[in-house]
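This report concerns only the one structure given below.
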Amino acid sequence: MSQFKFVTEMNNLVTMEGPLTKGPPPRWQRKGQENYQSSINQSLNSSKQKSFSTSITKTPTKAAAGSSGEVVVKPKKTPSKTPNKNRSNGSKTPTPNKISKTPVADRFIPVRSTSNFDLAHYKLNQDEDSSDSPTKKELQKAMCENLHGGDINSQKILTYTNKPPTAPAGFQNPMRVIYTQTKTPASVKSNNRYIPHAPDRILDAPDIVDDYYLNLMDWSAGNILAVALGAHVYLWNAGTGNIEDLLELQGNDYVCSLAWIQDGDHLAVGTTNGTVELWDCGRTKRLRVMDGHSARVGSLSWNSYVLTSGCRSGQIIHHDVRQREHVITTLSGHTQEVCGLKWSPDGRYLASGGNDNVLNIWQSITGGHHTNSQPLHVFTAHQAAVKALAWCPWQAHVLASGGGTADRHIRFWNCNIGSCINSIDTKSQVCALLWSSNYKEIISGHGFANNELIIWKYPAMSKVAELTGHTARVLHLAMSPDGSTVLSAGADETLRLWKCFVKNSTKNKTGVQTREKPSILKQCIR
């Protein structure tokens, strides 16, 4: 029988089927036993500590002599958990541990399903090649817009489409994760201003030339608006409302550009036959005719007594209007028509934009009001004609430029170092730009395809307001002397006045102020 018992034991050891009845316990059983033992030990320790603390509190700590000489032991009093309500001053101090109830959620956790992880994976794994030409980068950007519906390079990886929920009324989050409170402070409310989305006044502009490359409107420091309508130039006094017909060109000639001198009543008029006329609007008299161009003069800009003109051939001429031989310097920096021309407020730089998609920056000579014959910077980032030019009033070296239909971008340039500060795609043709002198904002006039005005917050370039109403492209913009009103001229033959930069009524109680300063050309024009 012993041999059968031995064989049975050997079979049991060799057999792998069935549960294991011998050997060490599994790991999960050992872990469970350890956790159970640790919980028992913790409960025993806590009970011992409680019993130890209660025994200490009941230990006599003070002895006092009684009347009979016996020693009376007085146990120590356990301090009350709540403060005494009957204080001498009658005030109630709240418990510091008890705070006001707040909502449970202290931050917003977005749903990850709304994120585009395919785009994120592509942007994280793509190689940045800075050696590509600007033309190739623009082509890639256009292809991405057609394939993906937008510029993927401007999209952030960790941007979620769902916005966080609004806070309850009067809620202040101590963590300050999303919001501090929903109630707007009084200081913020006082800084907001109302921007009317309808024009303050609409004027007729019949026969205005629908040409993107011309500059047919300018507003003087004396509050006189000059508008070119075909062969006529009209003066509109914004203070009195009087309209005056200044001149009329003969034959098939028409006005191509207008520009007021900085201070005074002198107006420069560019024509299609290549001449520049200088008019004294106070006396309604033509002072002189300056030639030198072989094609129409589409852009003009003043710098003290020097008048700069650009023509269709790409040539730029500096005219000294005090001298008989008025041509000072001739610049040849463009191969096509010069449609944008602006001197900086401090007279250090001249910006010229052309139909050749080139933006040139010319530096003035030392001690003079004209420039060198070679450009200081040549910018070729725009992919269309550069007409819209505007210098920043509080940073004289910052220039804003806008491109045509094929470009649609507003770009900002630091002309001291020759670099691009920022650029934004407006999705529409940029026809004109104006900086606000009352706010750190810039307004742009657009053509195809939106035909609107947009006010941008600088430097964030976020939209403040969109002003609509023109049924055709907005060709020109002009600013009132006090900086409160913008006048837009559209191809729909209307002039619209927008009071979009009005200051606070407590600070600006007067209307449009006129500045009467003696002209620098009173005694020097021949």
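The values are calculated or read from the model by the stated rules, or taken from the named source; none is laboratory data. A quick note: this is a predicted structure, and the numbers were derived from the prediction, not measured. Backbone-built Cβ (ideal geometry, glycine too); neighbour counts: all protein chains shown. Heads up: the accessible areas ignore ligands, DNA and RNA and are worked out on the full protein's heavy atoms, side chains in. Shrake-Rupley method; radii C 1.70, N 1.55, O 1.52, S 1.80 Å.
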Taking the stretch 288-323 and keeping only residues that are small (Gly, Ala, Ser), within 17 Å of TRP343 (Cβ to Cβ) and part of a loop (DSSP other than H, G, I, E, B), one is left with SER304
Exactly one of LYS189, LYS163 is part of a loop (DSSP other than H, G, I, E, B), at pLDDT below 60 and not aliphatic (A, V, I, L, M), and that residue is LYS163
In the stretch 403-439, anything basic (Lys, Arg) and either at pLDDT 95 or above or crowded, with 20+ Cβ neighbours inside 10 Å (or both) is listed as ARG408, ARG411
* To do: State whether the residues of the stretch 285-304 include one that is among the charged types (D, E, K, R) and either open to solvent by less than 50 Å² (accessible area, probe 1.4 Å) or within 28 Å of the chain's Cα centre (by Cα) (or both).
  => yes
Reported set for the stretch 188-212 where residues are open to solvent by 30 Å² or more (accessible area, probe 1.4 Å), among the β-branched types (Val, Ile, Thr) and in contact (Cβ under 8 Å) with a residue 12 or more places away in the chain is ILE202, VAL209
Log entry, pairs with first residue in the stretch 475-487 being within 18 Å of SER299 (Cα to Cα), second being assigned to a loop (DSSP other than H, G, I, E, B) and among the hydrophobic types (A, V, I, L, M, F, W, C), beta carbons closer than 7 Å, six or more apart or on different chains, reads LEU475/ALA491; HIS476/LEU216
Among the residues of the stretch 297-322, the number that are in contact (Cβ under 8 Å) with a residue 60 or more places away in the chain and not basic (Lys, Arg) is 9
### Query
Can you spot a residue in the stretch 336-357 that is polar (S, T, N, Q) and surrounded by fewer than 16 Cβ atoms within 10 Å (Cβ to Cβ)?
yes
Of those in the stretch 213-266 that are among the hydroxyl-bearing types (Ser, Thr, Tyr) and assigned to a loop (DSSP other than H, G, I, E, B), the residue surrounded by the fewest Cβ atoms within 10 Å (Cβ to Cβ) is THR240
Report yes if some residue within the stretch 265-281 is modelled with pLDDT of 95 or more, touching a Leu at 6+ places or on another chain (Cβ under 6 Å) and closer than 25 Å to VAL398 by Cβ; otherwise report no. no
Expected output for the stretch 364-378 (first residue more than 20 Å from LEU300 (Cα to Cα) and at pLDDT below 95, partner part of a loop (DSSP other than H, G, I, E, B) and open to solvent by 60 Å² or more (accessible area, probe 1.4 Å), Cβ below 6 Å, 6+ apart or cross-chain) is none
Evaluate the stretch 349-362: report whether one residue or more is without any contact (Cβ under 8 Å) to a residue 12 or more places away in the chain and either of a type outside the set (Phe, Trp, Tyr) or in a strand (DSSP E or B) (or both). no
Residue count, the stretch 376-398, condition open to solvent by 60 Å² or more (accessible area, probe 1.4 Å) and among the basic types (Lys, Arg), comes to 0
Please work out if SER313 is surrounded by fewer than 19 Cβ atoms within 10 Å (Cβ to Cβ) and within 20 Å of TYR254 (Cα to Cα). yes
Within the stretch 383-424, residues under 19 Å from GLY347 (Cβ atoms), touching a Ser or Thr at 6+ places or on another chain (Cβ under 7 Å) and part of a loop (DSSP other than H, G, I, E, B) come out as PRO393, ALA396
Every listed condition ((1) of a type in the set (D, E, K, R); (2) surrounded by fewer than 14 Cβ atoms within 10 Å (Cβ to Cβ); (3) modelled with pLDDT of 95 or more) holds for ARG496 save (2)
